[in-house]
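These notes concern the structure reproduced below.
The values are calculated or read from the model by the stated rules, or taken from the named source; none is laboratory data. Predicted model, so just to flag it, every value in this text is computed and none were measured. Note that we place each Cβ from the backbone using ideal geometry, even for glycine, and neighbour counts take in every protein chain shown.
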């Protein structure tokens, strides 16, 4: 069962979609005072600045974490530089807005961070589902 939770500091709201999480721990490593998976609530949004929270959320490889500015005039969350990063022994991360065409011709737009499988074991191809960890993928 999918869970979606929102956490806000009044300026920014962080959205967490549990079913998308591949447990890369990039959030925990990036801001351990905010992202504390053993605590409840696990996101302590008042423990850092809005800028640092946004910077960390943008690095989420699965898109399980996203954010929006509470001030609807602020379009910060819509602006994301397009870049590609190869994670050692993990997925290919694409940051930015992408139009993905699947093998059946279905199209979808992905915005923010998208993790593509490199190991071939994902049950959610072309996207990473964390299977590379169990496969002991090297690459």
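Structure data summary
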| item | result |
| --- | --- |
| Subset tally (residues that are within 21 Å of residue 124 (Cβ to Cβ) and in contact with a helix residue (DSSP H, G or I) (Cβ under 9 Å, 6 or more places away or on another chain)) for region 17-39 | 4 |
| Subset of region 36-69 [part of a loop (DSSP other than H, G, I, E, B), touching a strand residue (DSSP E or B) at 6+ places or on another chain (Cβ under 6 Å) and at pLDDT 85 or above] | 60, 64 |
| Hits in region 18-34 (condition: buried (at least 16 other Cβ atoms within 10 Å of the Cβ) and farther than 21 Å from residue 87 by Cα) | 34 |
| Options 37, 91: the member that is closer than 30 Å to residue 138 by Cα and surrounded by 15 or more Cβ atoms within 10 Å (Cβ to Cβ) | 91 |
